[in-house]
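The values are calculated or read from the model by the stated rules, or taken from the named source; none is laboratory data. Because the structure is predicted, anything quoted here is derived from the model rather than measured. Quick reminder, even Gly has a Cβ in these numbers, built from the backbone with ideal geometry, and neighbours come from all protein chains shown.
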Amino acid sequence: MDMEFRRDDLSGEPIRELLRLHLASALQHSPPESVHALDVDGLRRPGVTFWSCWQDGELLGCCALRELEAGHGEIKSMRTAPQRERQGVGARMLEHLLREARARGYRRLSLETGSGEAFAPARRLYERYGFEYCEPFGDYGQDHWSRFMSLQLPAAASA
């Protein structure tokens, strides 16, 4: 599948609609205090890089990478467009984020996702790529509605 990843300024209506759907879905399956998805303003903060994913003019999904500290990044706002779910888009976005994390020299990549059944496909995807369950990281605290996962990345090869 040919996908084009674009660094996105979040000004386009298609991406804004997908983010509204992302937040609404999170709120449908978790209480508001346990929803950690970033809104448009949050995704524009320093330290966050946001990509939209396209194929032949169709928005397939979006993903973001947030630097928590030197060597440690967090996956944010990974969402596949509803009409493209279960078609490998999520895996391609995750591979993009892993390449970017390695290029930035991150040694660890972490994420927070929901604990409910609606989030099970996402958790299975992360597990397939080697992410393991971990304790809360960064500013997160223990939360019955959240699952935390992390992946240790190999050090970049010396030249």
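Quick one: which residue in Tyr106, Tyr129 is surrounded by 17 or more Cβ atoms within 10 Å (Cβ to Cβ), under 27 Å from Arg6 (Cβ atoms) and aromatic (Phe, Trp, Tyr)?
Of the residues listed, the single one that is surrounded by 17 or more Cβ atoms within 10 Å (Cβ to Cβ), under 27 Å from Arg6 (Cβ atoms) and aromatic (Phe, Trp, Tyr) is Tyr106.
Would you point out the residue of segment 60-87, among those that are farther than 22 Å from Arg102 by Cβ and either crowded, with 21+ Cβ neighbours inside 10 Å or of a type in the set (Val, Ile, Thr) (or both), that is modelled with the highest pLDDT?
So, considering only residues that are farther than 22 Å from Arg102 by Cβ and either crowded, with 21+ Cβ neighbours inside 10 Å or of a type in the set (Val, Ile, Thr) (or both), the one modelled with the highest pLDDT is Leu60.
Based on this model, can you work out whether Gly73 counts as in contact with a Phe, Trp or Tyr (Cβ under 6 Å, 6 or more places away or on another chain) and assigned to a strand (DSSP E or B)?
The answer is yes for Gly73.
Kindly indicate which of Arg16, Arg79, Arg45 is within 25 Å of Cys134 (Cβ to Cβ), among the basic types (Lys, Arg) and not in a loop (DSSP other than H, G, I, E, B).
From the options Arg16, Arg79, Arg45, the qualifying one is Arg79.
With respect to Ser25, is the statement that it is under 16 Å from the mean Cα position of the chain (by Cα), at pLDDT below 95, among the polar types (S, T, N, Q) and surrounded by fewer than 21 Cβ atoms within 10 Å (Cβ to Cβ) true?
Judged against the criteria, Ser25 is a match.
What is the number of the single condition among (1) within 20 Å of Val40 (Cα to Cα); (2) of a type outside the set (Asp, Glu); (3) modelled with pLDDT under 95; (4) assigned to a helix (DSSP H, G or I) that Leu97 does not meet?
Exception for Leu97: condition (3).
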